[in-house]
Amino acid sequence: MRRIDELKREIIKEILHSEEYKEYRRLQNEINRQPDLKRQVDEFRMKNFELQNSSDVPDMYSAMESLNEQYADMRNQDVVNRYLMTEITFCRLVRDVCKDIMDSIDIELDFL
């Protein structure tokens, strides 16, 4: 288990030093300096998360379009769009690491 702990620390270190993470944190700090903008961005992110994870949305395209229209002023800001896109990129990087690990081991998750 000791070697696994070492490798986990290495992965964490690499992630923290990745360009994706550095850019994500830079933009996050930029947004955080504007409390009203941060509140709007967080509201948008929460509503987007809820929509994406809801099973009872009859027309996802229309729902997403409506959400984007509701937050159009905020979304028109360059820093907001760069932040949201960078967040997606960073989350995909982390997801891919986790997915590759899970795909490589034999663990029964059929009950999920």
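The values are calculated or read from the model by the stated rules, or taken from the named source; none is laboratory data. As the structure is a prediction and not an experimental result, all values here were calculated from the model. Note that we place each Cβ from the backbone using ideal geometry, even for glycine, and neighbour counts take in every protein chain shown.
Hey, any hits in region 28-47 for a residue that's closer than 30 Å to residue 7 by Cβ and either in contact with a strand residue (DSSP E or B) (Cβ under 7 Å, 6 or more places away or on another chain) or in contact (Cβ under 8 Å) with a residue 24 or more places away in the chain (or both)? Yes: region 28-47 contains one or more residues that are closer than 30 Å to residue 7 by Cβ and either in contact with a strand residue (DSSP E or B) (Cβ under 7 Å, 6 or more places away or on another chain) or in contact (Cβ under 8 Å) with a residue 24 or more places away in the chain (or both).
Would you confirm whether or not region 88-110 contains a residue that is more than 20 Å from residue 11 (Cα to Cα) and at pLDDT 95 or above?
Narrowing region 88-110 to residues more than 20 Å from residue 11 (Cα to Cα): 106-110.
Those left that are additionally at pLDDT 95 or above: none.
Looking for residues that are more than 20 Å from residue 11 (Cα to Cα) and at pLDDT 95 or above, one finds none in region 88-110, hence no.
Elements of the type helices (runs of 4 or more DSSP H) sitting completely within the chain and holding at least 1 residues that are among the polar types (S, T, N, Q): these cover 19-32, 35-52, 60-70, 78-104. The residues listed here are 43, 6; of these, the one that is of a type in the set (Asp, Glu), modelled with pLDDT of 95 or more, exposed (fewer than 14 other Cβ atoms within 10 Å of the Cβ) and within 16 Å of the chain's Cα centre (by Cα) is 43. Among the residues of region 12-22, not a single one is over 30 Å from residue 101 (Cα atoms), surrounded by 13 or more Cβ atoms within 10 Å (Cβ to Cβ) and among the β-branched types (Val, Ile, Thr).
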